[in-house]
């Protein structure tokens, strides 16, 4: 069951999903209108696509890896589809416990000599969403 979202700025997936009854607070988008990741997020439906990979591995995600520290911080790494322009690319995300906030997210491109890390963009989530 979902509730109606209060007025605000939501990503298209949050708007489509609505405000789940089991969420105390309404979602806050993880990707700005520009498509760039923002750390001021909460239970964003687009970010949930990525985070769910680490809790429910997909057949196409050959090796999603997650490491959780003693302080319950987690870091996850999953491969994006290979790009002829950019080579191998990996999404790296960082979060505390299994709550709704994602603290940091980026794309790592190890084949590059410089600028190996770039901001995670909504277009990267869209690539993953097409695989699910």
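Of all the listed residues (28, 3), the sole one being buried (at least 18 other Cβ atoms within 10 Å of the Cβ), free of Cβ contacts under 8 Å to residues at least 24 places away in the same chain, in contact with a strand residue (DSSP E or B) (Cβ under 7 Å, 6 or more places away or on another chain) and over 17 Å from residue 132 (Cα atoms) is 28.
Across region 38-47, the qualifying residues are those that are in contact with a helix residue (DSSP H, G or I) (Cβ under 8 Å, 6 or more places away or on another chain) and not in a loop (DSSP other than H, G, I, E, B), and the one among them that is surrounded by the fewest Cβ atoms within 10 Å (Cβ to Cβ) is 45.
Listed by first and then second residue, the pairs linking a residue in region 107-132 that is at pLDDT below 90 to a residue that is assigned to a helix (DSSP H, G or I) and surrounded by 13 or more Cβ atoms within 10 Å (Cβ to Cβ), with Cβ atoms under 7 Å apart and 6 or more places separating them unless they lie on different chains, are 128/49; 128/50; 129/49; 132/49.
Evaluating residue 83 against the criteria (1) touching a residue at least 12 places away in the same chain (Cβ under 8 Å); (2) closer than 21 Å to residue 129 by Cβ leaves one unmet condition, (1).
Would you call residue 78 in contact with a strand residue (DSSP E or B) (Cβ under 7 Å, 6 or more places away or on another chain) and crowded, with 18+ Cβ neighbours inside 10 Å? Judged against the criteria, residue 78 is a match.
The values are calculated or read from the model by the stated rules, or taken from the named source; none is laboratory data. Because the structure is predicted, anything quoted here is derived from the model rather than measured. Don't worry about glycine lacking a Cβ; one is built from the backbone with ideal geometry, like all the others, and counts go over all protein chains shown.
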